[in-house]
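The values are calculated or read from the model by the stated rules, or taken from the named source; none is laboratory data. Small disclaimer: the values here were computed from a predicted structure and weren't measured. All Cβ positions, glycine included, derive from the backbone under ideal geometry; neighbour counts span all protein chains shown. Quick note on the areas: whole protein, heavy atoms, side chains included, nothing else; ligands and nucleic acids left out. Shrake-Rupley method; radii C 1.70, N 1.55, O 1.52, S 1.80 Å.
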Amino acid sequence: QVQLVESGGGLVQAGGSLRLSCVVSGSIFRVNAMGWYRQAPGKQRELVARITSGGSTDYGDSVKGRFTISTDNAKNTVYLQMSSLKPEDTAVYYCNVLNQWTNYWGRGTQVTVSS
């Protein structure tokens, strides 16, 4: 059974940093991309960052230059390094793995940025 478990969220002041981790357990074949999405109250879920199986990265416009996505294949983990955090980054952050057939989601981790 595939599980995605996020960690690393919390409360941080504006300008601070956090690193989110997502451990993927179980077998997922033909992975196309791994990434992070977020959803703030009353808003739609949006892409934060994504990395393809070929190593290409894609970032949401609002986080470019501040967030960095990376993976550790040996640990089956995808990371999101977040810097220069802003109050508008407050949201639940979800880990995602996309393969040829399915979108896999974690349960999310709350990030709250205080002003």
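Contact map, region 2-19: residues that are open to solvent by less than 30 Å² (accessible area, probe 1.4 Å) paired with residues that are among the aromatic types (Phe, Trp, Tyr), Cβ distance under 9 Å, separation 6+ or inter-chain. Pairs shown: LEU4/TYR94; LEU4/TYR104; LEU4/TRP105; GLU6/TRP36; GLU6/TYR93; GLU6/TYR94. Residues that are of a type in the set (A, V, I, L, M), within 14 Å of the chain's Cα centre (by Cα) and crowded, with 20+ Cβ neighbours inside 10 Å within region 60-114 comprise VAL63, ILE69, VAL78, LEU80, MET82, ALA91, VAL97, VAL111, listed in sequence order. If I ask for residues that are loosely packed, with under 14 Cβ neighbours inside 10 Å and either part of a strand (DSSP E or B) or within 17 Å of the chain's Cα centre (by Cα) (or both), which ones from region 20-31 would you list? Within region 20-31, SER25 is the sole residue that qualifies.
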